[in-house]
Amino acid sequence: MSRPKLRYSDELPAHADLVVVGGGIVGSATAFFASRAGLDVVVLERRPALATLTTPVSTGAFRLQFDNAEEIALVREGIDLFDHFSERTGLDDWDIGLRHGGYLFCSLTDATLERSRRLVGRQREWGLTDVELLSGDEARQRWPWLSPAVLGARYRAGDGWLDPKRLAIGYARAANATICTGTEVVGFRLTDDGSRVHGVQTTRGPISAGAVVIAAGPFTAQLAALAGVRLEMSATPRQKMVIPDLPAIPEDAPMTIEEETAAHWRPALRGCLALWTDAATPPAEPSDAPSIDPGWAFGLLEPSSDHALARVAPFWAEVWREGSVSWYLQAGQYEMTPDRRPYLGAAGPGGLYINGGYSGHGIMASAAGSRLVVDLLTGRGEVGANPFRPDRAMTTREHDIL
């Protein structure tokens, strides 16, 4: 069976049923679901290629261990799609690098241990019954490399990770949408009274459209402002350390997270990916080239650091002492909303929709989020039943730390 190819176009179409602004994981997923709904879709990406800004800088991870029922449902739908990606998309044997390696949250203090117990109790009320609460000794029986300082852990085997670039390109291939790269949206075409969007203005000319979805990652709020829509969203710098080759990494290790600091790592390549985002990191302007800070890597690797990976897994201290490990850093930005939940749905003039603000959860949540946005714009979804609508009241979250 042949695979659909990406439909790049050197000619800017004059008209489309739907224009999707942004060609990352979220824009590609939007195009996939919109095409399946029967819409003629054009994807506009201002960079020379799809999925080259924030998508490839992510860890590609997914989990159901959330602190609210709505996001659990959102991600559960996405994982079901990941598990049946070739079948659902019609892509013959398309490999998205799917691995259900599990998520292991490790507590080093009584306070986070109790917080985890409360969280798992709520998750069970919401129907998430396969999260295990483990004592420190029980966790070390399964993963002997854990520190004696680990007092307890919560673990779900069905969580895991995938290749985000392969996933995004898979969506785009299956979408059968027209893709225009090197095309920046610089404005929106509005009716004379400003009540409705009927297209976009780009650096290559105008396109008329029945609807427009902004799915531009950290630039989503800036683009929405061009249509007079104000979104509370901040671009927060993040970094990822890639260690391509590290024999010390257990190949069967789960995603391993310290509850206290959210420093975490998972197997990748012949080594691992390692991450940590300081909750106090100030927002920055959206950027195509976020800065890389070499000192950030030392915070994870040096055992004396207050968020060192060695706090949970002591073999990291030996990695540091040996001094021969090679790594490189990638930088990106989280698109943070006040309640760290995405904006999904209509905003501002009629015909304008937002699909963004995933706050670091875009890989795992954007499948169902994009399906929801398409349902809303085609009239198949109920606006009042949407807990992620852009004009919702914001709430404070106790637990979600990643």
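All of the numbers you see were taken from the coordinates with simple rules; none came from a lab. All values derive from a computational prediction rather than experimental measurement. Neighbour counts are summed over all protein chains in view; Cβ atoms, including those assigned to glycine, are modelled from backbone coordinates with ideal geometry.
Mind ranking 387-396, 47-56 by how tightly packed they are, going by the mean number of other C-beta atoms within 10 angstrom, highest first?
Values: 387-396: 13.1, 47-56: 19.6.
The most tightly packed comes first, giving 47-56, 387-396.
Here the residues I354, I292, I79, ranked from fewest to most Cβ neighbours within 10 Å of their Cβ, fall in the order I292, I79, I354. Phi angles across the range 105-118 convert, under the Karplus curve 6.51 cos²θ - 1.76 cosθ + 1.60 with θ = phi - 60°, into 3J(HN,Hα) values of 9, 10, 9, 10, 9, 5, 5, 6, 5, 5, 4, 5, 4, 4 Hz, Gly and Pro given as x. You can think of it this way: the chain between R189 and S291 has 33.3 nm of extra reach, that is 0.36 nm per residue less the Cα-Cα gap. The V242 and D110 beta-carbon pair, evaluated with R₀ = 56 Å, returns a calculated FRET efficiency of approximately 0.95.
Only beta bridges with both residues in the range 234-336 are counted; by DSSP, about 95 percent of them are antiparallel. Loop-located GluC sites (Glu not before Pro) in the range 302-397 (DSSP state not H, G, I, E or B) with no more than 14 neighbouring Cβ atoms inside 10 Å: E382.
I need the calculated FRET efficiency for the pair E322 and E11, taking r as the beta carbon distance and R₀ as 51 Å, to the nearest 0.05. Could the numbers behind the result be given before it?
Values: r = 56 Å, r/R0 = 1.10.
Taking R0 as 51 Å, the efficiency between E322 and E11 is 0.35.
Summing Lys and Arg as +1 and Asp and Glu as -1 over all other residues whose Cβ lies under 10 Å from the Cβ of G158 gives a net charge of 0. Full extension of the chain segment joining Q222 with R88 gains 44.9 nm, where the gain is 0.36 nm per residue of separation less the Cα-Cα distance.
When the helix-only estimate is applied to the chain (DSSP H runs of n ≥ 4, each -39,500 (n - 2.57), divided by the residue count), what is the mean residue ellipticity at 222 nm, nearest 500 deg cm²/dmol? Intermediate values should be presented prior to the final figure.
Numbers: 10 runs with 106 residues, N = 402.
So the helix-based figure for the chain works out to -8000 deg cm²/dmol.
Scoring 24-36, 173-185 by mean Cβ neighbours within 10 Å over their residues and listing the highest first yields 24-36, 173-185. Comparing Cα centroids, the range 81-146 and the range 282-302 end up 27 angstrom apart. For the chain, the percent of C-alpha pairs falling in each 10 Å distance bin, counted from 0 to the bin holding the largest distance, reads 5, 23, 32, 24, 12, 4, 0.
Of all DSSP-defined beta bridges confined to the chain, some 65% are antiparallel rather than parallel. Among H100, H361, sorting on how many other beta-carbon atoms sit within 10 Å of each Cβ, with the fewest leading, yields H100, H361. On a C-alpha basis, how far is the centre of the range 156-184 from the centre of the range 1-52 in Å? Whole number, if you could? Cα centroid of the range 156-184 versus Cα centroid of the range 1-52: 11 Å apart. For a Förster distance of 30 Å, can you work out the FRET efficiency between the beta-carbons of D306 and W145, rounded to the nearest 0.05? Efficiency computed from Cβ-Cβ geometry: 0.90.
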